[in-house]
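In what follows, a structure is listed as structure tokens, so that the remarks can point back to it.
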Amino acid sequence: MPKSFEQDAGLKRVAIYTRFSSVMQRETSTQDQLRECREAARAQGWIVMDEFIRSDEAKSGQSLFGRSGLDELMKLAQQKKCPFHGIVLYDTSRLSRNLADGLKLTDILKYAGVFIYFKTRQLDSRDPNFRTLYLQCGSKDEEFCADIAERVHRGQRGRVLNGYIASGRLYGYKNVPVPSMDGTRWRHGRAAVEGVKREIIPEEAAVVVRIFEMYAAGMGRQSIAITLNEEGVPSPGIATGRLQSRWSKETISLIHKNTSYVGVYTWNQTKVVRNP
């Protein structure tokens, strides 16, 4: 079992873990967190082990899936001879935005005798009150995600009601941002976007029309796909940057069933639910 908080206050070797959640977030977020964690370790008199600095970039805190940097540190922490005494993070939200996941991780580290320290809260897992304090912080982190989801959904609804689109790229169209009329600019100087409209791409639109005409003339979806592949017509996968590079009957079927091609736009038909 780990030693008490008082007994465990000497010179320590620590790892650092950083995370930022979105591809839209600044990559310097990692450097900012790392700098703050180094300063926190220096203030506590701990030695930062540079070889055990790990980061997960563009990874959501709502799940532990795909966070290889965190996985590595957790595996090292559970070794018989862990190379560090503790792990320093900038904030509780960098560990997890799922309270159950965060508690599990802190419990595993406690059992392994490895402490965890959150710089912004000055929260140390060796503190007898740690669990109570972490519950408070973790609950706020979890609620933040729910609030963000609600605000995003509300913003999308507003854009749709104003005639803009809320979905991604559709074959036959390009997405064109519409600048804000009031001249508002985002934090990095770019003009704020009021919404996104679709504009027809003539060469792709001609393919869509042809697909409907071939189907109306009696050609099956498989035959249509074969014909387009033989002619070397670029597929929607190539046009939208996806992996699928050839036409298939499934692709043709999706085009036939997409009501956008007959002028009926639908939104809010699906939602993303995380499997716990």
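Listed highest first by mean packing, meaning other Cβ atoms within 10 Å per residue, what order do 265-273, 199-207 come in?
199-207, 265-273
Using θ = phi - 60° and the Karplus curve 6.51 cos²θ - 1.76 cosθ + 1.60, what whole-Hz ³J(HN,Hα) does each residue of the range 81-89 get, with Gly and Pro shown as x?
Values per residue, Gly and Pro as x: 10, 5, x, 9, 8, x, 10, 9, 10 Hz.
Quote the charge dipole size of the chain about the Cα centre in Debye, to the nearest 20; the model charges only the Cβ of Lys and Arg (+1) and of Asp and Glu (-1).
The dipole magnitude comes to about 260 debye.
Just one of (i) 1.13; (ii) 1.37; (iii) 1.01 is Cα Rg over 2.2 N^0.38 Å calculated from these coordinates, so which is it?
So the structure-derived entry is (ii).
Just check the range 26-121 against the gyration tensor rule for me: Cα atoms, a ≥ b ≥ c as the square roots of the eigenvalues, rounded for a/c under 1.5, and otherwise prolate or oblate depending on whether a/b exceeds b/c. Walk me through the numbers before you get to the answer.
Details: a/c = 1.43, a/b = 1.01, b/c = 1.42.
It comes out rounded by the Cα gyration axes.
Subtracting the Cα-Cα distance from 0.36 nm times the residue separation, let me have the gained length for VAL262 to THR227 in nm, one decimal. Could you put the intermediate results ahead of the total?
Working: separation 35, 0.36 × 35 = 12.60 nm, distance 2.34 nm.
Result: 10.3 nm gained on full extension.
Under a point spin-label approximation (7 Å from Cα along Cα-to-Cβ), what is the VAL272-GLN79 distance to one decimal in nm?
Computed distance between label sites VAL272 and GLN79 equals 3.5 nm.
Under 5 Å between amide H atoms, partner at least 5 residues away or on a different chain: which partners does TYR173 have, H built in plane at 1.01 Å?
Distant-sequence amide H within range of TYR173: ILE201.
If Lys and Arg each add +1 and Asp and Glu each add -1, what is the summed charge of the other residues whose beta carbon sits under 11 Å from the beta carbon of CYS82? Can you show the working numbers first?
Details: positive: ARG13, LYS75, LYS80, LYS81; negative: none.
With Lys, Arg at +1 and Asp, Glu at -1, the neighbours total +4.
I need the phi-derived Karplus couplings for the range 216-221: 6.51 cos²θ - 1.76 cosθ + 1.60, θ = phi - 60°, integer Hz, Gly and Pro marked x.
5, 7, x, 6, x, 5
Tell me whether the range 116-180 comes out rounded, prolate or oblate; compute the Cα gyration tensor, take square roots of the eigenvalues as a ≥ b ≥ c, and use a/c under 1.5 as the rounded threshold.
Values: a/c = 4.39, a/b = 3.34, b/c = 1.32.
Prolate, because a/c is 1.5 or more and a/b exceeds b/c.
Just for the chain, what percent of DSSP beta bridges are antiparallel, to the closest 5?
On the way: 10 of 24 bridges.
For the chain, the DSSP antiparallel bridge percentage is about 40.
With a probe of 1.4 Å, find how much accessible area the chain has per residue, and write the answer as a whole number in Å². Mind showing how you got there, number by number?
Working: 17160 Å² over 276 residues.
Normalised by residue count, the accessible surface of the chain is 62 Å².
Enter the Cα centre distance for the pair the range 91-165 and the range 28-46, rounded to the nearest angstrom.
If you average the Cα positions of each part, the centres end up 20 Å apart.
What residues qualify as long-range amide H neighbours of ILE53, i.e. H under 5 Å apart, gap of 5 or more or another chain, H built at 1.01 Å from N?
ILE16
May I ask for the angle, rounded to the nearest 10°, between helix 28-44 and the longest principal axis of the chain, with both axes built from Cα atoms and the value confined to 0 to 90°?
10
Taking H as built 1.01 Å from N, whose amide H comes closer than 5 Å to the amide H of VAL193, not counting residues under 5 places away?
SER180
State, to one decimal in nm, how far the label point of LEU161 lies from the label point of MET181, with both points 7 Å from Cα in the Cβ direction.
Once both label points are built, they end up 1.6 nm from each other.
Kindly express, to the nearest 10 degrees and within the range 0 to 90, the angle between helix 99-112's C-alpha long axis and the longest C-alpha principal axis of the chain.
In the chain, helix 99-112 runs at an angle near 40 degrees to the longest axis.
By how many degrees, between 0 and 90 and to the nearest 10, does the Cα long axis of helix 68-77 differ from the longest principal axis of the chain?
Tilt of helix 68-77: around 20 degrees.
The values are calculated or read from the model by the stated rules, or taken from the named source; none is laboratory data. Given the structure is predicted, the values throughout are model-derived calculations rather than measurements. Using ideal geometry, Cβ is built from the backbone for each residue, glycine included, and neighbour counts are taken over all protein chains shown. Surface accessibility is based on the protein's heavy atoms, side chains included, excluding ligands, DNA and RNA. Shrake-Rupley method; radii C 1.70, N 1.55, O 1.52, S 1.80 Å.
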